[in-house]
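Chemist: Shown below is the structure under consideration.
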Amino acid sequence: MAMLNHRTDYRYTGLFNLRGAGMCPTVVFDRTADSRTWHRLVPLRASIWRHMLRQGEFTTSCASEDSRLSRSDPLNSLESCCGSLLQPNAGALPCGVLIHFDVQRRSIDPGEVSMLRRTAPLFLTYLALSE
């Protein structure tokens, strides 16, 4: 996670798994803290999760001005994100997401979006072991 995070300006890089009606953080790297515990289950109704589940990935550099998102969502402090859905294979049910996110506006190079997409499948085994 640290290696992926340090390739970007995003504060956080995380692996979330799909649990029922929400996304649960499995591991989150925070570049400003030595350790942090994340326990909060985030409802799927949160815009970013809905978009990722539908599209396979989602990127926004300015959530507060992004018409696709509602500011009343549970993740309304999130200002930027770039995430890729984790699926065992095409057509299979998704099991989670690999995501960069921040409370500040951040942009991401298209090459990094591609890197995230290529890296996401490597975390499928980790998600399976953490359940």
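Chemist: Select from the stretch 13-32 the residues that are of a type in the set (F, W, Y) and open to solvent by 20 Å² or more (accessible area, probe 1.4 Å) and list them in ascending order.
Modeler: Once the filter is applied, which keeps residues that are of a type in the set (F, W, Y) and open to solvent by 20 Å² or more (accessible area, probe 1.4 Å), the stretch 13-32 yields only F29.
Chemist: So, in the stretch 81-112, how many residues would count as being hydrophobic (A, V, I, L, M, F, W, C), over 22 Å from A21 (Cα atoms) and either touching an Asp or Glu at 6+ places or on another chain (Cβ under 6 Å) or surrounded by fewer than 15 Cβ atoms within 10 Å (Cβ to Cβ) (or both)?
Modeler: 1
Chemist: Just one of the numbered conditions (1) modelled with pLDDT under 85; (2) under 14 Å from the mean Cα position of the chain (by Cα); (3) within 14 Å of L18 (Cα to Cα) is not true of L78; which one?
Modeler: Looking at each condition in turn, L78 falls short on (3).
Chemist: Out of all the residues in the stretch 78-100, is one or more among the hydrophobic types (A, V, I, L, M, F, W, C) and part of a helix (DSSP H, G or I)?
Modeler: No, the stretch 78-100 contains no residue that is among the hydrophobic types (A, V, I, L, M, F, W, C) and part of a helix (DSSP H, G or I).
Chemist: Can you go through S64, S77, S107 and tell me which one is among the small types (G, A, S), more than 23 Å from M3 (Cβ to Cβ) and in contact (Cβ under 8 Å) with a residue 24 or more places away in the chain?
Modeler: S77
The values are calculated or read from the model by the stated rules, or taken from the named source; none is laboratory data. Remember, predicted model here, so these are calculated numbers, not experimental data. Cβ coordinates were reconstructed from backbone atoms using ideal geometry, including for glycine residues, and neighbour counts include every protein chain displayed. All accessible areas refer to the heavy atoms of the entire protein, side chains included, with ligands and DNA or RNA removed. Shrake-Rupley method; radii C 1.70, N 1.55, O 1.52, S 1.80 Å.
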